[in-house]
């Protein structure tokens, strides 16, 4: 984890901390092995051991945090592979069509910006593959805490998932994006009542029952005028390209069990965009899509540890740094870690002297004071 915080994105990069004697002295390490030792270590893991070990770490995180009734975001991502890694396969890969990949599924707790679970999957796995088992394990890690809202993207649009979430013994409110199937496009195009909520944005709702559904479900449709909002998300209705009234908009649609107003449902779902930002941060700052090896179980164990490293830093940013802006790891690395320093020892006291500009000294001093306060609180 320390190597990743210091910039390592591959196993070979772990020498960044092996050769840093000052960092080892701060940690109190006698020595640090080379990166191949870590590769051999992770190859000792299998699926059951990984989920027992890292599940225990997830439990420790959420048991220590006093919260309940939270928003859970579940999403998947594509990690392109360039070798012969076990489990890599050709599947949907938007940026590298035809290239082998892994297709992990992840869960995030929105309010505290932390990873709640991670599964590595084969590259040809469908987005919703093993969703039920993944959600049940995630709830075990959260130790019975209630999900107030579950937000899913269009890949999880499935009768089986909706029936599972609506079952009486696990009733869970959800908002799920809807793919623009032909039947959905026709229902949206048939809507005549649209309520303007912002400039260029209109919203409507209707009930829809697919052929294999046992009951109708509530749908929220949002359309944004392209002329007014050229960067608006969504898709144009391909079935109605010649209809000027319909084709001038981009549309998104959601299915939900919430009883809130249509506008509130849409605004709640918009918060799910932070989930995509966290996945990007895990990839670009923590090397989640690069830290891999030939063995599938070893790769999964290493990547699960990356999510634990992410959770530690997320807590650090919220409890110690604070503020409205959440700096990414690369920014914090520049502001806090890449500082020329000298370590001195006088008697039993170790002093770290940092080469800092006067403007930054106050900020670093405040951070150190907050660390001390949290340390005392924790006993």
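The values are calculated or read from the model by the stated rules, or taken from the named source; none is laboratory data. Just so it is clear, the model here is predicted, and its values are computed rather than measured. Here the Cβ positions follow ideal geometry from the backbone for every residue, glycine too, while neighbour counts run over all protein chains shown.
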### Query
Do you know which residues across the range 94-120 are touching a strand residue (DSSP E or B) at 6+ places or on another chain (Cβ under 9 Å), closer than 25 Å to residue 378 by Cα and outside any strand (DSSP E or B)?
110, 111, 112
### Query
What pairs can you find where one residue is in the range 56-83 and free of Cβ contacts under 8 Å to residues at least 60 places away in the same chain and on the phi < 0 side of the Ramachandran plot, the other is crowded, with 19+ Cβ neighbours inside 10 Å and part of a loop (DSSP other than H, G, I, E, B), and their Cβ atoms are less than 7 Å apart, with a gap of 6+ or different chains?
78/103
### Query
In this structure, is residue 263 at pLDDT 90 or above, part of a loop (DSSP other than H, G, I, E, B) and surrounded by 12 or more Cβ atoms within 10 Å (Cβ to Cβ)?
no
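Could you tell me how many of the residues in the range 129-154 are without any contact (Cβ under 8 Å) to a residue 60 or more places away in the chain and either within 16 Å of the chain's Cα centre (by Cα) or not in a loop (DSSP other than H, G, I, E, B) (or both)?
Residues of the range 129-154 without any contact (Cβ under 8 Å) to a residue 60 or more places away in the chain: 129-133, 136, 139, 144, 154.
With either within 16 Å of the chain's Cα centre (by Cα) or not in a loop (DSSP other than H, G, I, E, B) (or both) added as a condition, the list becomes 131-133, 136, 139, 154.
Of the residues in the range 129-154, 6 are without any contact (Cβ under 8 Å) to a residue 60 or more places away in the chain and either within 16 Å of the chain's Cα centre (by Cα) or not in a loop (DSSP other than H, G, I, E, B) (or both).
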### Query
Do the conditions hold for residue 326, that is, is it touching a helix residue (DSSP H, G or I) at 6+ places or on another chain (Cβ under 7 Å) and closer than 30 Å to residue 102 by Cβ?
yes
### Task
Answer with yes or no whether residue 126 is under 17 Å from residue 299 (Cβ atoms), at pLDDT below 95 and surrounded by 15 or more Cβ atoms within 10 Å (Cβ to Cβ).
no
### Task
Go through the range 155-183 and count every residue that is in contact with a strand residue (DSSP E or B) (Cβ under 9 Å, 6 or more places away or on another chain), surrounded by 15 or more Cβ atoms within 10 Å (Cβ to Cβ) and assigned to a helix (DSSP H, G or I).
6
### Query
Which of the residues spanning the range 94-121 are over 29 Å from residue 313 (Cβ atoms) and surrounded by 16 or more Cβ atoms within 10 Å (Cβ to Cβ)?
100
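Matching residues to (1) surrounded by 17 or more Cβ atoms within 10 Å (Cβ to Cβ); (2) in contact with a strand residue (DSSP E or B) (Cβ under 9 Å, 6 or more places away or on another chain); (3) more than 30 Å from residue 269 (Cβ to Cβ):
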{"site": "33", "(1), (2), (3)": "no, no, yes"}
{"site": "38", "(1), (2), (3)": "yes, no, yes"}
{"site": "41", "(1), (2), (3)": "no, no, yes"}
{"site": "46", "(1), (2), (3)": "no, no, yes"}
{"site": "69", "(1), (2), (3)": "no, yes, no"}
